[in-house]
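**Q** The structure that follows is given in the form of structure tokens.
The values are calculated or read from the model by the stated rules, or taken from the named source; none is laboratory data. Note that the structure is predicted; figures quoted are calculated from it, not measured. All Cβ positions, even for glycine, are placed from backbone atoms using ideal geometry, and neighbour counts span all protein chains on display. These accessible areas exclude ligands, DNA and RNA; they are computed on the full protein's heavy atoms, side chains included. Shrake-Rupley method; radii C 1.70, N 1.55, O 1.52, S 1.80 Å.
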Amino acid sequence: MDAQSFLFSVFCFLFYFLSGEPQVVEGTRLSWTSSPFGFKPKMLFAFGDSYADTGNTKIAVTRSWHFPYGITFPGKPSGRFSDGFVSTDFVAGYLGMKTPIPYRWRKELSGRVKYGLNFAYGGTGVFDTLVAEPNMTTQIDFLQQLINDSVYTKRVLRTSVAFVSLAGNDYSYYLETNGSFTAFPGFIQSVVDQLTVNMKRIHDLGVRKIGVMSLIPLGCTPQNTAASSFERCNETENDLVMLHNNLLLQAVNTLNQQTNSTLFFIIDLHNAFSTVFNGTEIHQGSPTFENPFEPCCFGVTEGFFCGSVDENGEKKYTLCSNPKTKLFWDGNHPTSEGWRAIYSTPAFQNTLKQFID
């Protein structure tokens, strides 16, 4: 980099920092994690959606850059879809490394690129959704371009792992665009097929191990339990989730057979969530929650969401007094404390170990 380019990069970074514009929040190694022995990854790449995004999604298309998001950490909106930490922070902490910086900040914080990058964008899926942000194929294209530009080499990537999040935006889009219920199982198969192609492509680029999260019981999110005053899950939707997870398990097993390895694995988010919902087998020190289906932050009426304001700037959401008492932050995303409880379950811990086996 020549002197002029360097000075321009410094100027851009200072501009964002001093102007009050959205800025990256560099995660630290979380205090409740440990650095396990065995294979020690040197880089972490994240792909997917809002369960993994730490600041890629543009302010114009997301609420995660608006109050009250980020009130627990870092005390202001950071682009995370939570009051604080999200899944990527916990996975990075488990591996003993800082959270990878968002892809959008790769030039301003070029010194951190050697530790990996977060390519995830909130609201996206394996296919295009209603959110005009890069789908997972395009996210992998970004990594491919960095390899083409010699930012990463195959040799270096052998020390890396990938974390893949698919939280269900493809299915929300399918329903919002009047997809038929009878054709839903076939669409689930197409989503899992594309996800499989994506995982294999990440591996073929040189990443050593790929962990993909299973779907949570989507019928139990506040968005789906609101109709019952946050008391009952939508079991029809949960049945479709089980189809997705069963197909994903088959796909991962096939990938491992094809590569004669165990380099692909599922991070068992589904059973981790179910454990927290049921209040069973929680790791010592993990929190218990009041009503696990009721969020901390929610729109006052249909059409409003956490962070919504009207044309006069009046807030159109309710906010709980203590996010630590809630599993869910908003209609779809856990609180920071919720993620910590999920992370602490045996289901989540045992599958994360596969990153370092």
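**Q** Just to make sure I understand: if all protein chains stay in place, what is the order of 247, 319, 95 by accessible area at 1.4 Å, largest first? Write down the numbers at each step before the final one.
**A** Values: 247 25, 319 60, 95 5 Å².
The ordering from most to least exposed comes out as 319, 247, 95.
**Q** Where the centre of each part is set by its Cα atoms, how far does segment 220-266 sit from segment 119-156, in angstrom?
**A** Between the Cα centres of segment 220-266 and segment 119-156 lies a distance of 23 Å.
**Q** Right, something else. Trypsin sites (Lys or Arg not before Pro), restricted to segment 249-336: which are DSSP loop and have at most 16 other Cβ atoms within 10 Å?
**A** Values: sites: 315, 316, 324, 326; in loops: 316, 326.
Those satisfying the criteria are 316.
**Q** Ordering 170, 204 by how much accessible area each has at a 1.4 Å probe, largest first, what is the list? Write down the numbers at each step before the final one.
**A** On the way: 170 5, 204 80 Å².
Greatest to least solvent exposure: 204, 170.
**Q** Would you mind getting me the FRET efficiency between residue 158 and residue 228? Use the beta-carbon distance for r and R0 = 51 Å, nearest 0.05. Working shown, then result.
**A** Details: r = 49 Å, r/R0 = 0.97.
Step by step, r from the Cβ atoms, then E = 0.55.
**Q** What percent antiparallel are the DSSP beta bridges of the chain, to the nearest 5? Let's see the in-between values first.
**A** Values: 6 of 23 bridges.
Restricted to the chain, the bridges split so that about 25 percent are antiparallel.
**Q** Hand me the GluC sites (Glu not before Pro) from segment 291-357 located in a DSSP loop with no more than 15 other Cβ atoms within 10 Å, in residue order please.
**A** Working: sites: 302, 311, 314, 337; in loops: 302, 311, 314.
Sparse-neighbourhood loop GluC sites (Glu not before Pro): 302, 311, 314.
**Q** HN-Hα J couplings of segment 76-84 from phi, Karplus 6.51/-1.76/1.60, θ = phi - 60°, integer Hz, Gly and Pro as x?
**A** The phi angles translate into 7, x, 10, x, 7, 8, 5, 7, x Hz.
**Q** As an exercise, identify the trypsin sites (Lys or Arg not before Pro) in segment 206-300 lying in DSSP coil whose Cβ has no more than 13 other Cβ atoms within 10 Å.
**A** Details: sites: 208, 209, 232; in loops: 208, 232.
Here the sparse-neighbourhood loop sites are 232.
**Q** Tell me, what is the 1.4 Å probe accessible area of residue 242, in Å² to the nearest 10?
**A** Rounded to the nearest 10, that gives 80 Å².
**Q** Next question. Would you work out which of 153, 254, 105 lies farthest towards the positive end of the dipole of the chain, given +1 charges on the beta-carbon of Lys and Arg and -1 on that of Asp and Glu, about the Cα centre?
**A** The residue sitting farthest along the positive end of the dipole is 153.
**Q** Find how much the distance from residue 253 to residue 137 grows on full extension, using 0.36 nm per residue of separation minus their present alpha carbon separation; answer in nm with one decimal. Let's see the in-between values first.
**A** Working: separation 116, 0.36 × 116 = 41.76 nm, distance 2.15 nm.
Extending this stretch completely gives an extra 39.6 nm.
**Q** HN-Hα J couplings of segment 88-103 from phi, Karplus 6.51/-1.76/1.60, θ = phi - 60°, integer Hz, Gly and Pro as x?
**A** Going residue by residue, I get 4, 4, 6, 4, 4, x, 4, 7, x, 9, 6, 4, x, 6, x, 3 Hz, with x marking Gly and Pro.
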